[in-house]
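The values are calculated or read from the model by the stated rules, or taken from the named source; none is laboratory data. Remember, predicted model here, so these are calculated numbers, not experimental data. Please note: Cβ atoms are built from the backbone with ideal geometry, for glycine as well, and neighbour counts cover all protein chains shown. Just so you know, the surface numbers come from the protein's heavy atoms only, side chains and all, with ligands and any DNA or RNA stripped out. Shrake-Rupley method; radii C 1.70, N 1.55, O 1.52, S 1.80 Å.
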Amino acid sequence: MGGEAMSGTSVLFDAPGPRARRLSLILSIVALILLALGLLWIILILAAPRDSGGITLPGMFDSTRWNIFFEPVIWNQIGQGVIATLMAAGVAAVGAIALWVVFSLARSSTITWVRIPVAWLLEFLRGMPVLLMMLFILLVASTGAFWAVVIALVLYNGALIGEALRAGLAALPRGQREAALSVGMREFQSKILVEFPQAFRQMLPIIVAQLVVLLKDTSLGYIVGYNELIRTTMNGMVAYYGNRYLFSLFFVTLVIYLAINLTLSWFARWLSRRTASGGTPTRKRKGAQQPLDPSQTILEMEARESSSGK
C-alpha cells in the first residue's frame, strides 16, 4: 500500500492541489493576454505612419513597401542568396563531419603525444570566435570570402562535434571494447567497427542540432564579404531599392531562415525519436526487424569460436 501511494505522487515534489492548479491556470491566462496585447502593440506601431524630416512615410505594412516582391528579379536575387548560404553550409558540414571523426579518434587515443596536442588544438578552436577565425583566414591565407567562411566553420564545428562524439565513445560500456578485443580485434579496429558506430548513433541528434547552428553561422559571412542571404537582401537589395523596403526585406529574410532552420530542427527531433536518443524509446512495430546489437554479435562470435575450439 505504501508503494502504491508513493507511485501516485512525485518523488521530487507534491502533486499540485485544486488551489494550485487554479492559480496556475489564472497565471497562464494572464500571461497569454499580456503576450497578445504586446504583439498587438508592436503591430500597431509598425502599421502607423511616421514623420521623417517633414515627410509622412507610410506604415510598414503599406502596399508600397511590398510591391517589389511581385517582380521575378527580386526572387531571383533572393534565391541566389539562399543557394549561396546552403552551398557554404553544405560544404562546411561535409568538411566538419570528416574533421570531427579525426578529432574524436585522435582525442581518445592512448598515445600521449597524439592525444595531448589534439586536446590543446581543440581547446584553441573551441575558444576562438568564428568571425575572428574567418577574418584571420581571409587576411592571412587570402582564400577568398567563400573559403574563409567554409574553413572557419569546418574548424569550429569539427572541434565541437568531435568532442561530442568523444563523449559518446567514453559513455559506452567498457564491455564493448573488451568483447571486441577478446575476439582478436585491435584497439583501432574496435573503435572503428564496434564503438564508433554506436557512439555515432547515440550522438546523431546532437550532431544534427550542431549542423543547424552551422547553417545559422553562415550569416557571419556578411562581415567578410560573402554574398549569403543576409548580405544579399539587407545590404545589396536595400542599397539598390532604398530604405523603404528595409522592413519588408528583413521580414522575408527572417521567414526564409526560420523555414530552413525549423525544417532542420524538425529533422533533428525526428532523428532523436528514431534513434531512441534522449530517453525516448522507439515503439516496436509488429513484425519489424530489430536493429542488431554489435556487442551481442561479438559475444555470439566468441561463443561459436570457443565451442569450435573444443
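Looking only at the range 27-57, count every residue that is part of a helix (DSSP H, G or I) and within 18 Å of Tyr245 (Cα to Cα) and tell me the total. Looking only at that region, the number is 4. Scoring Ser108 on the criteria (1) open to solvent by 50 Å² or more (accessible area, probe 1.4 Å); (2) under 26 Å from the mean Cα position of the chain (by Cα) leaves a single failure, condition (1). Filtering the range 239-252 to residues that are within 23 Å of the chain's Cα centre (by Cα) and touching a residue at least 40 places away in the same chain (Cβ under 8 Å) leaves only Val252.
Listed residues Met237, Met203; which is within 19 Å of Val154 (Cβ to Cβ), crowded, with 20+ Cβ neighbours inside 10 Å and either out of contact with any Pro (no Cβ under 9 Å at 6 or more places or on another chain) or of a type outside the set (D, E, K, R) (or both)?
Every option except Met203 fails the conditions.
Of the candidates Ala88, Ala84, Ala48, Ala36, the single residue that is open to solvent by less than 90 Å² (accessible area, probe 1.4 Å), more than 21 Å from Thr253 (Cα to Cα) and within 35 Å of the chain's Cα centre (by Cα) is Ala36. Scan the range 142-193 for residues that are assigned to a helix (DSSP H, G or I) and either closer than 20 Å to Val94 by Cβ or within 26 Å of the chain's Cα centre (by Cα) (or both) and the total you get is 29. Just one of (1) at pLDDT below 90; (2) surrounded by 10 or more Cβ atoms within 10 Å (Cβ to Cβ); (3) among the hydroxyl-bearing types (Ser, Thr, Tyr) fails for Ser28. It is (1).
State all residues of the range 142-156 that are modelled with pLDDT of 85 or more and either open to solvent by less than 70 Å² (accessible area, probe 1.4 Å) or touching an Asp or Glu at 6+ places or on another chain (Cβ under 7 Å) (or both); if no residue qualifies, say none. Selection gives Gly144, Ala145, Phe146, Ala148, Val149, Val150, Ile151, Ala152, Leu153, Val154, Leu155, Tyr156. Scanning the range 111-128 for residues that are surrounded by 12 or more Cβ atoms within 10 Å (Cβ to Cβ) and either over 30 Å from Tyr222 (Cβ atoms) or not aliphatic (A, V, I, L, M) (or both) gives Val114, Arg115, Ile116, Val118, Ala119, Glu123, Arg126. A single entry from Val224, Val208, Val213, Val194 fulfils the requirement of being of a type outside the set (Lys, Arg) and open to solvent by 30 Å² or more (accessible area, probe 1.4 Å): Val213. When the range 167-184 is limited to residues that are hydrophobic (A, V, I, L, M, F, W, C), open to solvent by less than 60 Å² (accessible area, probe 1.4 Å) and in contact with a helix residue (DSSP H, G or I) (Cβ under 7 Å, 6 or more places away or on another chain), the one that is nearest to Ala259 (Cα to Cα) turns out to be Leu169.
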